[in-house]
Amino acid sequence: MINSRITTYHTIAPKLESLNDQNLLELLEKSVSIHFGMGGTSVLLKIDGINIFVKKVPLTDVEILPENI
């Protein structure tokens, strides 16, 4: 099981790394919401047939300040 997870990681990590902000935003917009809660939203997206769990956590007011971006 762990070897399979490591293989999947090494397959998908370079693909995620190569995405620019716009590509990532497009993927997230097409993702399937699986949970809404106080701490954020969980979504499931697929890249090359691989399911990826994403936790979308809202930024705080301080994190949004221009000097912190």
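The values are calculated or read from the model by the stated rules, or taken from the named source; none is laboratory data. Note that the structure is predicted; figures quoted are calculated from it, not measured. Glycine gets a Cβ as well: all are built from the backbone with ideal geometry, and neighbour counts include every protein chain shown. These area figures cover heavy atoms from the full protein model, side chains too; ligands, DNA and RNA do not enter into them. Shrake-Rupley method; radii C 1.70, N 1.55, O 1.52, S 1.80 Å.
Looking for something modelled with pLDDT under 95, in a helix (DSSP H, G or I) and not acidic (Asp, Glu) - is there at least one such residue anywhere in segment 28-35?
To start, the set of residues in segment 28-35 that are modelled with pLDDT under 95 comprises 28-35.
If we keep only those that are in a helix (DSSP H, G or I) too, we end up with 28-30.
Now drop any that are not not acidic (Asp, Glu), which leaves 28, 30.
Within segment 28-35, one or more residues are modelled with pLDDT under 95, in a helix (DSSP H, G or I) and not acidic (Asp, Glu).
Looking at segment 22-55 only, could you name the residues that are in contact with a helix residue (DSSP H, G or I) (Cβ under 7 Å, 6 or more places away or on another chain) and farther than 19 Å from Arg5 by Cα?
Val43
Taking segment 1-32 on its own, how many of its residues are small (Gly, Ala, Ser) and open to solvent by less than 60 Å² (accessible area, probe 1.4 Å)?
2
If a residue has to be small (Gly, Ala, Ser) and at pLDDT 90 or above to count, how many in segment 36-56 make the cut?
Qualifying residue count for the region: 2.
So how many residues does segment 4-20 have that are among the polar types (S, T, N, Q) and in a helix (DSSP H, G or I)?
Number of matching residues: 4.
Across segment 33-69, what is the number of residues that are among the charged types (D, E, K, R) and surrounded by 11 or more Cβ atoms within 10 Å (Cβ to Cβ)?
3
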